[in-house]
Amino acid sequence: MILLCAGERSERTFDALLVFAIQLDKAGHSVGIDARFLPDETPRYQKFEAALYLCDADDVNPDQILIIGAESISDEVQLILRTLSAQTDTGVFGIGRFATHQLLLSAQNKLAYALGRDAVAINLIDWQGESALIEDSVAPLVTIIEEHPIASRKPRAGLLVYLPVEVLEDVTVLPALATLSHAAEYDLHVITNGRGKEFIRRSRYGHLSVFGNSDLPPAGFLSHADIVAFFGPNIPGARMAQFAMDAMGSGKVVIDCTDDGRVIETGAPALRGPADLLSLSKYLESLVLPHRTEIGRRIQSNPWLDKFNLSQLEYRMELSRPTAPPAPATGTTIFFPTNGSGLGHAQRCSLIAEQVSADHKVQFAAFPSCVGMLKKRGFDCLPMIQRSEDFVEEYANDLVNYRRLSGLVKSGDQLVFDGGYVFDSVYRVISLSRNPAVWIRRGLWLPGQIHANALEREHIFSKIIVPNEAFDELNTAYSSGEQIYQVGPVVNTKTSARKAQTALRKKLSKQFDRSIDTLVVSMLGGGVASDRTVQTQMLCSTLERRENCLHLVVAWPNAVVPDGIYGWNNTRVVQTQNTLQLCCAADLTVSAAGYNSFHELMYAAIPTIFIPQAAPYLDDQERRARAAADRGLAALVLESELMSLGREVNAFLDGDRGSAIAAAHADLILPDTGNRAAAALIEQGIGQ
């Protein structure tokens, strides 16, 4: 293991440690950062990057200790180094830019005094000269020169254009970017600083694919780019300089569109492009796109780039680059469902996973409330950490999940995410890998949920699978592109036969020691999204008057069940994963209108009263339930219509409401389910 330290303890040097650690990690080295270099104030993006590398120096036994920025070693750092308890054969290296031999000797002496052993000082100037892309980088700007140019994951070329906010404010720039974004030959992504990203989001061009320059580590941008163009006065800072180095080493085409050609002035093997964004399209079409693979090869073989080859540093440190294990013939498909109040995301993923061919390995990463259900269905499952108000930071759980996902997803695997918002953990794991990724994204969003921020991370996915709704008016295309696939509703259609339904009622009668003439099942949610205590109590009260009636209240894991529910004679609270079979055997079901429950009830033609849930993060359950009610396929009771609930229950159980709904279902033609179609799309990604 290589333990990284820095000559000073500051926000700037910590950022340099992160950038350099990722470079060593990419090369296969085991690397850690001494946690004592963590600054007092650390922004969110740095915490995610540090999550994979921070370590307590007392808990590790490094083979090498490497101090970056060794040309300036502070007294505070000497005290930190003095407490390191490494073995006597641990190599100690200080790397920096030593303008004189005396400075190099001084660094060696400080390190030797602090650590109690001789140290080797490595002068970047000796093998890189003064030709680095920026002059004041603390981290060594090095790259891994790949054997062959590496293309982005998408079929079309990825064009990544860096533009500082000062350039974006030119009135001609955003329209020019919009034109570039419609080109058939490439996919455009803009990278800018935080102010620039906000400027674009507030403009009429908010649909553009935009990265903030700290949204991902430098290596994370590579999977989105085949061509990189830098505009503005220069390359701004060590992160973008490292990204340019990574791009060159991977055989990407780097275009210097800076005002004065600052990149090519260093001798870097970049193309000199137009400083005017309006001219970039023609430049790409005529010169770059027809020859980009050959240009990439020439960039990789340029002698200037070899001076920044990571192998130069490995040679000086006598490091052997670990041999990467051979990629398996077929990778694993890893499903990661968001935790829904009713486990809907996990249920949907399991229905699709069950349709994946047997020769494809499937695994899950899921939140605790979903793990039991998934294991019972035969899937291996890595538990993830649930969000909690007890955490100091709202994203603390996602930091841990990032570590777990990073360890789980290997080369050749495929990550399938199901959820409305792409977590930082998912976003980073996908971007830092070369693996395909799939987003299973439900539709029927509430109006306030439909905005650019909700969709801005879709560009990291190879495929976006949208399971349709049962009724056409509910299907809305929120974005377009060749990576988006519509499939039929993903729904469990494994209903029980009449004989099994009769047997289930007998089993319930024996279990609860009572005769059952009427069976009612209510599934109103777990109380997390919407409090349905009043509606549940109304059901209990209405059904209490009925002789030989059993009312089963389905409680999901982590559900909030009011104590008063347990006091009714005809009502019992149950936890079960066989809700569909219960509903098939029931005389009436009262349910929320989530995607899974709604479609199960529709496809099974079960008489239902829908009481939609309403929360900012849920889909539009009222619209879905109303579509069924308008067709005479169910009854709809809104949360504000409490008194009508009892009347609807009696209309089903005593009147002809159930018969009318059954007749409407008999004439209904529903679309084919999309379970297998979604599985087939996922299977195509394995081995890409």
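Assorted remarks:
- Residue match in the stretch 54-69 (condition: assigned to a loop (DSSP other than H, G, I, E, B), under 25 Å from the mean Cα position of the chain (by Cα) and at positive phi): no
- Residues that are surrounded by fewer than 21 Cβ atoms within 10 Å (Cβ to Cβ), modelled with pLDDT of 95 or more and of a type in the set (Phe, Trp, Tyr) do occur in the stretch 463-483, at least one of them.
- The set of residues in the stretch 492-512 being assigned to a helix (DSSP H, G or I) and open to solvent by 40 Å² or more (accessible area, probe 1.4 Å) consists of Arg498, Lys499, Ala500, Thr502, Ala503, Leu504, Arg505, Lys506, Lys507, Lys510, Gln511.
- Among residues of the stretch 374-396 that are under 28 Å from Tyr45 (Cα atoms), those with a Cβ under 7 angstrom from a residue that is open to solvent by 70 Å² or more (accessible area, probe 1.4 Å) and outside any loop (DSSP other than H, G, I, E, B), sequence gap 6+ or separate chain, pair up as Cys381/Lys375; Leu382/Arg404; Pro383/Pro368; Met384/Arg404; Gln386/Pro368; Tyr395/Arg44.
- Applying the condition of being open to solvent by 20 Å² or more (accessible area, probe 1.4 Å) and not in a loop (DSSP other than H, G, I, E, B) to the stretch 241-276 and asking which residue is farthest from Val426 (Cα to Cα) yields Glu265.
- Selection from the stretch 288-321 of residues that are open to solvent by less than 70 Å² (accessible area, probe 1.4 Å) and of a type in the set (Gly, Ala, Ser): Gly296, Ser311
- Considered as a group, the residues in the stretch 647-688 that are touching a Ser or Thr at 6+ places or on another chain (Cβ under 8 Å) and surrounded by fewer than 16 Cβ atoms within 10 Å (Cβ to Cβ) include one that is farthest from Ser433 (Cα to Cα), and that residue is Asn650.
- Qualifying positions in the stretch 100-139 - assigned to a loop (DSSP other than H, G, I, E, B), closer than 23 Å to Glu76 by Cβ and either modelled with pLDDT of 90 or more or among the hydrophobic types (A, V, I, L, M, F, W, C) (or both): Ala119, Val138, Ala139
- Residue in the stretch 465-477 that is of a type in the set (S, T, N, Q), touching a helix residue (DSSP H, G or I) at 6+ places or on another chain (Cβ under 8 Å) and over 30 Å from Leu588 (Cα atoms) present: no
- Scan of the stretch 138-173 for residues that are touching an Asp or Glu at 6+ places or on another chain (Cβ under 9 Å), crowded, with 21+ Cβ neighbours inside 10 Å and free of Cβ contacts under 8 Å to residues at least 40 places away in the same chain, ordered by number: none
Results for (1) open to solvent by 40 Å² or more (accessible area, probe 1.4 Å); (2) part of a strand (DSSP E or B); (3) hydrophobic (A, V, I, L, M, F, W, C), shown as yes or no for each residue.
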site	(1), (2), (3)
Pro175	yes, no, no
Ala178	no, no, yes
Ala183	no, no, yes
Arg195	yes, no, no
Ile200	no, no, yes
His207	yes, no, no
Leu222	no, no, yes
Ile235	no, no, yes
Arg239	no, no, no
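- Subset of the stretch 140-170 [acidic (Asp, Glu) and not in a helix (DSSP H, G or I)]: Glu146, Glu147, Glu169, Asp170
- The stretch 72-102 - residue that is more than 39 Å from the chain's Cα centre (by Cα) and among the acidic types (Asp, Glu) and, of those, nearest to Ile2 (Cα to Cα): Asp89
- Qualifying residue in the stretch 16-34 (condition: in contact (Cβ under 8 Å) with a residue 40 or more places away in the chain, part of a loop (DSSP other than H, G, I, E, B), crowded, with 16+ Cβ neighbours inside 10 Å and of a type outside the set (Asp, Glu)): yes
- Number of the exception - Tyr421 against (1) surrounded by fewer than 17 Cβ atoms within 10 Å (Cβ to Cβ); (2) part of a helix (DSSP H, G or I); (3) modelled with pLDDT under 90: (2)
- Of all residues in the stretch 292-323, those that are among the aromatic types (Phe, Trp, Tyr) and touching a residue at least 60 places away in the same chain (Cβ under 8 Å) total 2.
- Taken over the stretch 513-539, the criterion of being open to solvent by less than 30 Å² (accessible area, probe 1.4 Å), closer than 30 Å to Thr673 by Cβ and among the aliphatic types (A, V, I, L, M) is satisfied by Leu519, Val520, Val521, Met523, Leu524, Ala529.
- Counting only residues that are part of a loop (DSSP other than H, G, I, E, B), within 29 Å of Gly129 (Cβ to Cβ) and not aliphatic (A, V, I, L, M), the stretch 70-99 holds 5 of them.
- Residue match in the stretch 123-131 (condition: without any contact (Cβ under 8 Å) to a residue 24 or more places away in the chain and not charged (D, E, K, R)): no
- Of all residues in the stretch 373-392, those satisfying the criterion of being in a loop (DSSP other than H, G, I, E, B) and open to solvent by 80 Å² or more (accessible area, probe 1.4 Å) are Asp380, Arg387, Glu389, Asp390, Val392.
The values are calculated or read from the model by the stated rules, or taken from the named source; none is laboratory data. As the structure is a computational prediction, the values presented were derived from the model and not from experiment. Cβ atoms come from the backbone with ideal geometry, glycine included; neighbour counts cover every protein chain shown. For the accessible areas, the whole protein counts, side chains as well, though only heavy atoms, and no ligand, DNA or RNA atoms are used. Shrake-Rupley method; radii C 1.70, N 1.55, O 1.52, S 1.80 Å.
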